[in-house]
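What follows is a set of notes on a single structure, which appears directly below.
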Amino acid sequence: MQISTGKVVSIDYTLKDDQENVIDSSIGGEPLTYLHGVGQLVPGLEKELEGKTGGASFKVTIAPAEGYGQRDDSRLATIPKDQIEGADALEVGAQLYASTEHGEQIVTVTRIEGDEVTIDGNHPLAGENLHFEVTVRDVREASEDEIAHGHVHGAGGHHH
Ligand code: ZN
């Protein structure tokens, strides 16, 4: 069965950056199972998977525009420590929820200096080339419920 919109797809994948560091991988764990064509993966990876069948293996490099987007310096903010709950225990690299002008989002602490904390609302992989190695494990039709909900049920998906 070929991958197209409305199929449930299981993949094994390894994601590396330009320095060949492994950023994320399903190897040694469960394959990633997702509903194709609804934006659950970055656009470049969905495009590459389109039309592939079970057993297919490929490598692809995805530029930021088709990945997690370009870095946007307007998403950096420096705020007083006393505006952050539990600030004394904060460390650089910590991720927290914050209300920003872009709405509720996860931000990363990038600097702590004196009474000020710098937070970065960019996705941690914004501006990065994404080097994927992918093997397609399984392709099946999504159920009507899965299409309606926009996500996968059962193994590797939602249980409800
Ligand atoms: Zn559901």
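The values are calculated or read from the model by the stated rules, or taken from the named source; none is laboratory data. For clarity, every value in this text was computed on a predicted model and none was experimentally measured. In this analysis, Cβ positions are derived from the backbone assuming ideal geometry, glycine residues included, and neighbour counts consider all displayed protein chains. When the accessible area is computed, the model is the full protein with side chains, heavy atoms only, and any ligands, DNA or RNA have been set aside. Shrake-Rupley method; radii C 1.70, N 1.55, O 1.52, S 1.80 Å.
Using 0.36 nm times the number of residues separating ALA63 and ASN129, minus their current alpha carbon distance, what extension gain do you get?
23.3 nm
First compute the accessible area of the chain with a 1.4 Å probe, then give the percent of it belonging to carbon and sulfur atoms.
That fraction is 46 percent.
For a quick check: with amide H placed at 1.01 Å from N, whose amide H comes under 5 Å from LYS52's, ignoring anything fewer than 5 positions away on the same chain?
ILE3
Near LYS47, which lysines are there with a Cα under 23 Å away, not counting those fewer than 8 places off in the same chain?
Partners within reach: LYS7, LYS16, LYS59.
When the dipole is taken about the Cα centre of the chain, and only Lys, Arg (+1) and Asp, Glu (-1) are charged at their Cβ, what size is it in debye, to the nearest 20?
640
For the chain, what does the relative contact order come out to in percent, with C-alpha contacts under 8 Å and a separation of six or more?
35
Could you calculate the contour length gain from GLN2 to GLU30, that is, 0.36 nm times the residue separation minus the distance between their Cα atoms, to one decimal place in nm?
That works out to 7.9 nm of additional length.
Using θ = phi - 60° and the Karplus relation 6.51 cos²θ - 1.76 cosθ + 1.60, list the HN-Hα couplings for segment 42-59 in order, rounded to whole Hz, with x at every Gly or Pro.
4, x, x, 6, 4, 4, 5, 6, 3, x, 6, 10, x, x, 5, 10, 7, 10
Keeping every protein chain present and rolling a 1.4 Å probe, give me the accessible area per residue for the chain in Å².
Numbers: 9410 Å² over 160 residues.
Ligands and nucleic acids excluded, the result is 59 Å² per residue.
At 10 °C and a viscosity of 1.306 mPa s, what translational diffusion coefficient does Stokes-Einstein give for segment 1-124, taking Rh as the Kirkwood radius over Cα pairs? Give it in µm²/s as a whole number.
The Stokes-Einstein estimate is 92 µm²/s.
Along Cα→Cβ, 7 Å out, is where each label goes; now give me the distance between the ones at ARG140 and SER74 in nm to one decimal.
4.5
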